[in-house]
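Participant: Okay, here's the structure, questions in a sec.
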Amino acid sequence: MIGPLTSDQFFAEAQRLIPGGVNSPVRAFRGVGGRPFFVARAEGARLFDVDGRSYIDYVMSWGPLILGHAPKRVRDALQAVLDRGWSYGAPTPGEVELAREIARAYPSIELVRLTSSGTEAAMAALRVARGFTRRERIVKFEGCYHGHGDSLLVKAGSGGATFGVPDSLGVPADLARLTVTLPFNDLDGARSVLDALGREIAAVIVEPVVGNMGVVPPRPGFLAGLRELTARHGALLIFDEVITGFRLGYGGAQALYGIAPDLTVLGKIIGGGLPVGAYGGRREIMAQVSPLGGIYQAGTLSGNPLAVAAGLETLAALREPGVYETLEARAAAVENGLLEAARAARVPVTLNRVGSMLTCFFTEGPVVDWASAKAADTRRYAAFFHGMLEGGVYLAPSQYEAAFLSLAHGDDDLAATAAAARASFRTL
Ligand SMILES: *Cc1c(COP(=O)(O)O)cnc(C)c1O
């Protein structure tokens, strides 16, 4: 019998059995070099690895854990479900309660369907848009991620805003051609595409605040412009609020910016860290979904009682007064800590932050779309990342991700983060 294994030993074994040693690519640290640590447990704002080290966590399971790791109230809610059994494949009261809460918080959502992941929900939303409009083309924006569905793993084709080409082996070119890809924040581009192809476009899908090329906020008027253009051309506007939903305020980005999309995709926070997704929107559109209508979508574990209970308890905590003000203040403190450390070290950075999500881009910026995000010095980010890790702070292992604050990040964590940032920037 050998002693407990180290992260490096687990990773070696993982690579023998799992592609790249991970079950989702960015976890492999390819964006920053080195090897991932293996997590033993987590609590509050902290991750503990199998090597006996601990980190202040700003990945937070990539967004869902807005209350922090393993909060007692969610644990208790999960325990109550465990005592009753955790999957029936038949309706449960919790699903109705979660649907009611989502519809109450998002007035644009009249009918909502739960899935097991954000990917699934985004794929279903596209199918619904295509089925409802009887059109096939979709428009998406470069740098926005909507899960790994075939129609959504598409990049811009050569020759400007024309037809997409697959962004992954295995995505049929004929399908990718139906996806038009444009730069984020490019309202003129969207206008030309809709003017030219308007009657063929089923939907424009967008992360209203992008989290997946790092944080990139919409320019004033961009979202309103998309709303107006899609309405004029009879295309549906889909907000992918898998990250922003219940994070940028209880009503998500659509409440923050005052725009009502036709369909919304949710995930992450609404499952409190358990597998979940949701899509919903106007009644006349969602009434086309099976068994009411001819658009098929289903799931063995959809509306799973554990995920629903974790989601409901998380949302209940987010309805307490002052929660979003607290998140805002803590995220602002992290922003200031990073900016001061960068200034002191004379390292040019651009810090994009909306509420409790932020990215420190290693470029003079501004960062407004994928082209400007790509100007970031990813080697320098990698050095900064490893410096922070040394200092006990876990940021996303890629320049092109957001840092997420939770209600568990306390003043000590914020001070320790600023200190780690000063030390890390000094070495760059
Ligand atoms: C995470 C994410 C998804 C995909 O959700 P999964 O649960 O990982 O399938 C979709 N859209 C956005 C904006 C996301 O951040």
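The values are calculated or read from the model by the stated rules, or taken from the named source; none is laboratory data. Just so it is clear, the model here is predicted, and its values are computed rather than measured. FYI the Cβ positions are ideal-geometry reconstructions off the backbone, even for glycines, and counts take in every protein chain you see. Please note that ligands, DNA and RNA were not included when accessible areas were found on the heavy atoms of the full protein model with its side chains. Shrake-Rupley method; radii C 1.70, N 1.55, O 1.52, S 1.80 Å.
Participant: Counting only the heavy atoms of the protein chains, how much of His386 is accessible to a 1.4 Å probe, in Å² to the nearest 10?
Facilitator: 60 Å²
Participant: Turning to a different aspect of this structure: If you keep only loop residues by DSSP, which trypsin sites (Lys or Arg not before Pro) in region 55-159 have at most 13 other Cβ atoms within 10 Å of their Cβ?
Facilitator: Qualifying residues, ordered by number: Arg134.
Participant: Continuing with this model, one more query. Probe radius 1.4 Å, ligands and nucleic acids ignored: give me the carbon and sulfur share of the accessible area of the chain as a rounded percent.
Facilitator: Percent of accessible area from carbon and sulfur atoms in the chain: 54.
Participant: Now a separate question. Just want to confirm a number: the relative contact order over region 219-354, from Cα pairs under 8 angstrom separated by 6+ residues, in percent.
Facilitator: Averaging sequence separation for qualifying contacts and normalising by length gives 18 percent for region 219-354.
Participant: So how compact is region 162-236: Cα radius of gyration and Dmax in angstrom?
Facilitator: Answer for region 162-236, Rg first and Dmax second: 13.0, 37 Å.
Participant: At a temperature of 25 °C and a viscosity of 0.890 mPa s, determine how fast region 327-374 diffuses translationally according to Stokes-Einstein, using the Kirkwood radius over alpha-carbon pairs as Rh; express D in µm²/s, rounded to the nearest whole number.
Facilitator: 221 µm²/s
Participant: Give, to the nearest whole percent, the P(r) tail of the chain beyond 41 angstrom, counting all Cα pairs.
Facilitator: Tail of the P(r) past 41 Å holds 14 percent of the pairs.
Participant: I want to verify the translational diffusion coefficient of region 374-428 in µm²/s; compute it with Stokes-Einstein, Rh as the Kirkwood radius over Cα pairs, at 25 °C and 0.890 mPa s.
Facilitator: Rounded to a whole number, D works out at 208 µm²/s.
Participant: Principal axis extents for region 233-279, Cα atoms only, whole Å, descending order, please.
Facilitator: Sorted from largest, the Cα extents of region 233-279 read 38, 19, 10 Å.
Participant: Same structure again: Roughly how many debye, to the nearest 20, is the charge dipole of the chain about its Cα centre, given +1 on each Lys and Arg Cβ, -1 on each Asp and Glu Cβ, and no other charges?
Facilitator: 440 debye
Participant: Rule-of-thumb check for region 1-154: C-alpha Rg over 2.2 N^0.38 Å?
Facilitator: Normalised Cα radius of gyration, region 1-154: 1.35.
Participant: How much space per residue, in cubic angstrom, does the convex hull of the C-alpha atoms of region 197-306 take up?
Facilitator: 131 Å³
Participant: Just the number please: accessible area per residue for region 72-318, 1.4 Å probe, all protein chains included, in Å².
Facilitator: Result: 40 Å² of accessible area for each residue.
Participant: Shifting gears a bit: Choose one answer from Ala235, Ala344, Ala176: the residue with the largest mean-square fluctuation in a GNM of the chain with alpha-carbon springs under 10 Å.
Facilitator: Ala344
Participant: When N is the residue count of region 322-428, what does its C-alpha Rg come to as a fraction of 2.2 N^0.38 Å?
Facilitator: Working it through for region 322-428, the quotient is 1.00.
Participant: Oh, and also: Provide the three semi-axes, in whole Å and in decreasing order, of the ellipsoid equivalent to region 250-301 as defined by the square roots of 5 times the Cα gyration tensor eigenvalues.
Facilitator: 22, 19, 5
Participant: Further, regarding this structure: Trypsin sites (Lys or Arg not before Pro) within region 340-405: which are DSSP loop residues with at most 13 other Cβ atoms inside 10 Å?
Facilitator: Filter output for region 340-405: Arg346.
Participant: Ok, one more. Give me the percent of DSSP beta bridges within the chain that run antiparallel, rounded to the nearest 5.
Facilitator: 60 percent
Participant: In Å and on Cα atoms, what radius of gyration and Dmax does region 72-318 show?
Facilitator: 17.7, 58
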